[in-house]
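The values are calculated or read from the model by the stated rules, or taken from the named source; none is laboratory data. Keep in mind that this is a model prediction, so the values were computed, not measured. Neighbour counts run over all protein chains shown; Cβ positions are idealised from the backbone, glycine included. These area figures cover heavy atoms from the full protein model, side chains too; ligands, DNA and RNA do not enter into them. Shrake-Rupley method; radii C 1.70, N 1.55, O 1.52, S 1.80 Å.
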Amino acid sequence: MQVVNKVNDFVLLRIPGESRTYPSSDKIYPASGNIEEQSLLYSSELKVGVPIMLLRNINRSVDLCNCTELVVTKLGSSSSVGQHCFIPRVEVSPSGSKWPSNFRRRQFPIK
């Protein structure tokens, strides 16, 4: 995952324009305030023109599937083969986690 993050940072630096950060909406149970738990929080940094890849199936009938490559055309939407689409945040609650606390994450299913 560290290599992917480095590639993401490299691409963001090469694309002109202002970036915008979209944080996930996370809930940690029980909320102990532990610093290690805070490192679980995730955010996506996007710019117009940045390529993204879907990590979940959103709408198979229009080919918005896992591993579909898209380009951000304006913040808040993306484009695939000339179409505009909105990518909703999805809720993820991992089971059998190695962490001492349970958490629920709402984030964009992209990288």
Expected single match for modelled with pLDDT of 85 or more and over 18 Å from Val72 (Cβ atoms) among Val48, Val11, Val3 is Val3
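Condition check ((1) more than 21 Å from Val7 (Cβ to Cβ); (2) part of a strand (DSSP E or B); (3) at pLDDT below 80; (4) touching a helix residue (DSSP H, G or I) at 6+ places or on another chain (Cβ under 8 Å)) across all residues:
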| position | (1), (2), (3), (4) |
| --- | --- |
| Cys67 | no, no, no, no |
| Leu70 | no, yes, no, no |
| Ser78 | no, yes, yes, no |
| His84 | yes, yes, yes, no |
| Glu91 | yes, yes, no, no |
| Pro94 | yes, no, yes, no |
| Pro100 | yes, no, yes, no |
| Phe103 | yes, yes, yes, yes |
Taking region 3-22 and keeping only residues that are open to solvent by 100 Å² or more (accessible area, probe 1.4 Å) and either among the acidic types (Asp, Glu) or assigned to a helix (DSSP H, G or I) (or both), one is left with Val3, Lys6, Phe10, Leu13, Arg14, Glu18
Regarding Lys74, is this residue open to solvent by 30 Å² or more (accessible area, probe 1.4 Å), more than 24 Å from Glu45 (Cα to Cα) and either modelled with pLDDT under 80 or in contact with a Lys or Arg (Cβ under 8 Å, 6 or more places away or on another chain) (or both)?
no
